[in-house]
1. Looking only at region 44-90, count how many residues are closer than 30 Å to A27 by Cβ and hydrophobic (A, V, I, L, M, F, W, C).
2. Here's a check for you: in region 93-107, which residue that is more than 14 Å from P30 (Cβ to Cβ) and not small (G, A, S) is modelled with the lowest pLDDT?
3. Looking at region 46-80, which of the residues that are closer than 18 Å to W10 by Cβ and small (G, A, S) is surrounded by the fewest Cβ atoms within 10 Å (Cβ to Cβ)?
4. If I filter region 67-101 down to residues being of a type in the set (A, V, I, L, M) and part of a loop (DSSP other than H, G, I, E, B), which single residue comes out as farthest from I52 (Cα to Cα)?
5. Go through (1) of a type in the set (S, T, N, Q); (2) modelled with pLDDT of 95 or more; (3) open to solvent by 40 Å² or more (accessible area, probe 1.4 Å); (4) assigned to a helix (DSSP H, G or I) for Q26 and report which single condition fails.
Amino acid sequence: MWANLHLLFWLSLIPVATKWVGQAHQASLPASVYGIASLGAAVAYGLLVQMIIKANGRDSPVATGIGSDLKGRLSAGLFAAGVGLAWLSPWIAYALYAAVALLWLVPDRRLVPGPGGSR
């Protein structure tokens, strides 16, 4: 439950950071804060997944479906890079944040049952 609340906390900061970016999109600080909130959510998501796997075992459908979680780790890495690069140029950070959104635009098929599976 704490891991879920941790994720919800970071997600609750996204609208505030988004509004700040909208008001001062050329400034580095709002771009960096948006990245920090997004990075916090990405890390919290990873922790939540690990807690679910710990509760259900390494052979559970969630554990086998998540695998190495390359998309999740890549997302966190791009957010972290965006936080630092926002001080060089906010537009570089925004490009990295958009890349994460595009990465997740394609539905994640890891946990979708195959043919004959039930939903």
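The values are calculated or read from the model by the stated rules, or taken from the named source; none is laboratory data. Because the structure is a prediction, the values reported are computed rather than measured. Ideal geometry is used to build each Cβ from the backbone, glycine not excepted, and the neighbour counts take in all protein chains shown. Note: accessible area is taken over every heavy atom of the protein model, side chains too, but ligands, DNA and RNA are not part of it. Shrake-Rupley method; radii C 1.70, N 1.55, O 1.52, S 1.80 Å.
1. Residues that pass the stated criteria total 12.
2. Step by step, filter region 93-107, then rank; the result is P107.
3. Only one residue fits best here, namely G77.
4. In the first step, residues of region 67-101 are kept if they are of a type in the set (A, V, I, L, M); the result is 70, 74, 76, 78, 80-81, 83, 85-86, 88, 92-93, 95-96, 98-101.
Narrowing the set further to residues that are part of a loop (DSSP other than H, G, I, E, B) leaves 86, 88.
Working: A86: 33, L88: 38 Å.
Ranking the candidates gives L88 first.
5. Of everything listed in (1) of a type in the set (S, T, N, Q); (2) modelled with pLDDT of 95 or more; (3) open to solvent by 40 Å² or more (accessible area, probe 1.4 Å); (4) assigned to a helix (DSSP H, G or I), Q26 misses just condition (4).
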